[in-house]
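Just so it is clear, none of the values below were taken in a lab; they were calculated from the coordinates. Keep in mind the model is a prediction, meaning the values are calculated, not measured. Positions of Cβ are backbone-derived with ideal geometry, glycine not excepted, and every protein chain shown enters the neighbour counts.
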Amino acid sequence: MISVKNLTKSFGKINVLCGIDYEIHAGEVIAVVGPSGSGKSTFLRCLNLLEEPTSGEIYFKNEQINTKKCDINQVRTKMGMVFQQFNLFPHLTVQQNITLAPVKLGRMTQEEADERALELLERIGLKEKANAYPIQLSGGQKQRIAIVRALAMDPEVMLFDEPTSALDPEMVGEVLAVMKDLAKAKMTMVVVTHEMGFAREVADRILFLDGGKIVEEAPPEEFFSSPKSPRLQDFLSKVL
Amino acid sequence: MFDDFFGKFSRAFLENNFSGLRLMADGLKNTILITLGALLLGVILGTILAVAKVLPTKNIFNKILAGIANVYIAVFRGTPVVVQLLLFYFGICAKIDIDPVLAAVICLGMNSGAYVAEIIRSGILAVDHGQMEAGRSLGLTYSTTLIRIVLPQAIKNILPALGNELIALIKETSVVSFITVVDITKVAGNIIAKTYEPFVPYLFLALIYLVIVLFATWLVGILERRMRQSDQR
């Protein structure tokens, strides 16, 4: 579904990504882990071109997206993204947050979008918050709504950039639960995370990035029980 | 100073069937017309200039736009508004038959636009970059995200500064008599030229400006409260 070829990204003189090749298939859940500064967020943000790659190719459904010819806005409608800081629109109500994009992009009429928004909110148990403003919500509620906002576009892939890192510990569970439901529904997901428990339980494959390179990649069982590289062994000894 | 205050007031404004007051009303009409026109033009121009300055400077076209905006702002902030009025009305429009009120609207509006541009730009820059990213990640275009997501938040934050600019604009209209517009300041001067009693007309004039400014402040306050709706926990 997404394939990445020799992706590099530099900010000035700093090389954040140094040649990444990877293939993500439909229905897979990929967890991306690594120490801070390893380039995992940059990698994720390159997938929907929020970050412009310095070189390399990114394909979405066999179409190269980092070219001038490609209509990136069109591609992004099929790739939902969830941010660490939620990034809900503070001047809009929850329902308006969810319906803005589908209506503006002509996917639905306002009535259809409203109906769909309530349906999605019902699913995560926040229907009564439809007319609340983001400031009135807890972090966990905000993040669940941010997920729903992305889902309202019916994306084929969901990108998560450390979705639980800005949350109080007691709210992490509710967000991960929504993500687990998504994974069960066979959504293709790429999740940058520090939640090793989530990675172990939900991911099909785990990607370990360090120094802008993929150091190791394995199914969760193997990833945690028999890490090959010393760098990963060291990392796991610190986080587990 | 205050002796025969009512006599002076009566001679200035009430005699000859309230002719002074009628003239002031006509002047007030011009003052308000110029303020509103310049405000509208200033906000429109300011928004365009601010956007031109914050566009990502990826391509040459955006760089040129930003350059034009920079020059515009430098020129209009760097020269006195009276000089701009004189140059525009007597210089540039010398051969064109233009209504001086319209000329004042254009000139003050273009001048105000330069200040408004910097106010709006500061508002746009203060909105978290994550907002733009969130909008773009949903597939919205740059301009839709800017108009629907960034600008509303920016405007909310800069309303107090825009209120300041509106107040400055109201008072700045008092120089339009330089290009033959008869506003309230000019009318007060004309009345004094007849009565030779400057204190009361000028005091009344100051009072009128004060009332207009207080009214504008009140309106901005209402607008601010309405836009702060989403801040209530």
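Principal-axis analysis of the Cα atoms of chain B puts helix B:184-195 at an angle of about 10° to the longest axis.
Proximity of backbone amide H atoms, modeled 1.01 Å from N, is registered between A:Thr54 and A:Thr8, A:Lys9, A:Ser10 at under 5 Å, excluding neighbours fewer than 5 places apart on the same chain. Highest average first, the peptides B:21-27, A:89-95, A:21-27, B:59-65 ordered by how many other beta carbon atoms sit within 10 Å of their residues are A:89-95, B:21-27, A:21-27, B:59-65. The charge dipole of the stretch B:2-231, taken about its Cα centre with unit charges on the Cβ of Lys, Arg, Asp and Glu (plus for the first two, minus for the last two), comes to roughly 620 debye.
Looking only at other chains, what is the average number of their beta-carbon atoms within 10 angstrom of each beta-carbon in B:126-134? The shielding value for this peptide is 5.
Peptide A:84-96 shows a mean partner chain C-beta count of 5 within 10 Å per residue C-beta.
Of the cross-linked pairs A:Lys40/A:Lys78; A:Lys78/A:Lys186; A:Lys186/A:Lys228; A:Lys180/A:Lys238; A:Lys40/A:Lys180, which ones have a Cα-Cα span greater than 23 Å in the structure shown? Too far apart for the 23 Å limit: A:Lys186/A:Lys228; A:Lys180/A:Lys238. Computed from phi, the 3J(HN,Hα) profile of the stretch A:93-99 under the Karplus parametrisation 6.51, -1.76, 1.60 (θ = phi - 60°) reads 6, 3, 5, 5, 4, 6, 8 Hz, with x in place of Gly and Pro. Considering only A:Gly125, A:Leu49, B:Phe199, the residue lying farthest towards the positive end of the dipole of the protein assembly as shown is B:Phe199, judged by Cα position with unit charges set on Cβ. Can you find, among B:Gly27, B:Gly113, B:Ile170, the residue sitting farthest towards the positive end of the charge dipole of the stretch B:2-231, where Lys and Arg contribute +1 and Asp and Glu -1 at Cβ? In the stretch B:2-231, that residue is B:Gly113. Distance between Cα centroids, the stretch A:190-240 to the stretch B:47-64: provide it in whole Å. For the stretch A:190-240 versus the stretch B:47-64, the Cα centre distance is 43 Å. The charge dipole of the stretch A:77-207, taken about the Cα centre with unit charges on the Cβ atoms of Lys, Arg (+1) and Asp, Glu (-1), comes to about 220 debye, rounded to the nearest 20.
Label zone of A:Leu118 (point 7 Å out along Cα→Cβ, amide N under 19 Å): in the stretch A:124-148 this covers A:124-133, A:145, A:148. Per residue of peptide A:101-113, the mean number of Cβ atoms on other chains within 10 Å of the residue Cβ is 2.
What's the angle, to the nearest 10 degrees (0 to 90), between helix A:169-184's Cα axis and the longest principal axis of chain A? Rounded to the nearest ten degrees, it is 90.
As a test of the formula, what do you get for the protein assembly as shown when each DSSP H run with n ≥ 4 contributes -39,500 (n - 2.57) and the sum is divided by the residue count, at 222 nm and rounded to the nearest 500 deg cm²/dmol? Computed mean residue ellipticity for the protein assembly as shown: -18000 deg cm²/dmol.
The lysines within cross-link reach of B:Lys194, meaning a Cα-to-Cα straight distance under 25 Å and a gap of 8 or more places when in the same chain, are B:Lys8, B:Lys29, B:Lys171, B:Lys186.
Based on C-alpha pairs under 8 angstrom that are at least 6 apart in sequence, chain A has a relative contact order of 27 percent.
Annotation: amide H-H contacts under 5 Å for A:Val215 (H modelled 1.01 Å from N, sequence separation of 5 or more, or interchain): A:Phe208, A:Leu209, A:Asp210.
Rounded to whole numbers, the Karplus 3J(HN,Hα) couplings from phi for the stretch A:118-133 are 5, 4, 5, 5, 4, 4, 9, x, 10, 4, 6, 9, 3, 9, 7, 9 Hz, using 6.51 cos²θ - 1.76 cosθ + 1.60 with θ = phi - 60°, and x at Gly and Pro. Once the Cα atoms are used to define both axes, helix B:60-78 deviates from the longest principal axis of chain B by about 20 degrees.
Between the C-alpha center of the stretch A:138-183 and that of the stretch B:162-233 there is a gap of 52 Å.
Straight-line reach from B:Lys63: taking Cα to Cα under 21 Å and skipping same-chain neighbours fewer than 8 places apart, the lysines in range are A:Lys68, B:Lys53.
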